[in-house]
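**Q** Please see the structure below; I have some questions.
Bear in mind these aren't lab numbers, they're just calculated from the coordinates by the rules spelled out. Since the model is a prediction, treat every value here as computed from it, not as a measurement. As a convention, Cβ positions derive from the backbone with ideal geometry for all residues, glycine included, and neighbour counts pool all protein chains shown.
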């Protein structure tokens, strides 16, 4: 009987890990839902999005990132300058204690240069984030066909069919 209870507990833990597989913890940092938009095979660049929450008492700084699917990864942000939206590189990004920084289309994003393979919907790829304090943090980025729906759209999704 004890074996069955242990088996059920282990199966329950494994299922819980699957549910939470898109959240990553690194010390005081919590990284949620890394994703990329699917792109046509000829696209030379792509972008990765995620959110980083700092649950600790000290700031940490994202210094950069790397992935096997791109020759180079840079932190970029969209800025309005003279009525024009443009992208600019950000050397590093500090996440203050208690703050959440969200990378999303039209905001901060991780720019992927010289893609080694197409970003196809339904696939995922590894991405290593480099922080000043937390060090290297490995996450899996899911490739999605469409932009990430908002929380409200997720909850109401079954009504839109």
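**Q** Only one of these conditions is not met by residue 80: (1) out of contact with any strand residue (DSSP E or B) (no Cβ under 6 Å at 6 or more places or on another chain); (2) surrounded by fewer than 11 Cβ atoms within 10 Å (Cβ to Cβ); (3) in contact (Cβ under 8 Å) with a residue 12 or more places away in the chain. Which number is it?
**A** The number of the failed condition is (3).
**Q** For the stretch 43-76, enumerate the residues that are surrounded by fewer than 16 Cβ atoms within 10 Å (Cβ to Cβ), farther than 18 Å from residue 132 by Cα and either without any contact (Cβ under 8 Å) to a residue 60 or more places away in the chain or within 17 Å of the chain's Cα centre (by Cα) (or both).
**A** Once the filter is applied, which keeps residues that are surrounded by fewer than 16 Cβ atoms within 10 Å (Cβ to Cβ), farther than 18 Å from residue 132 by Cα and either without any contact (Cβ under 8 Å) to a residue 60 or more places away in the chain or within 17 Å of the chain's Cα centre (by Cα) (or both), the stretch 43-76 yields 45, 68, 71, 72.
**Q** Out of the stretch 22-32, which residues are assigned to a strand (DSSP E or B) and crowded, with 17+ Cβ neighbours inside 10 Å?
**A** Here is the first cut: in the stretch 22-32, the residues assigned to a strand (DSSP E or B) are 23-26, 29-32.
Within the stretch 22-32, 24, 26, 29, 31 qualify.
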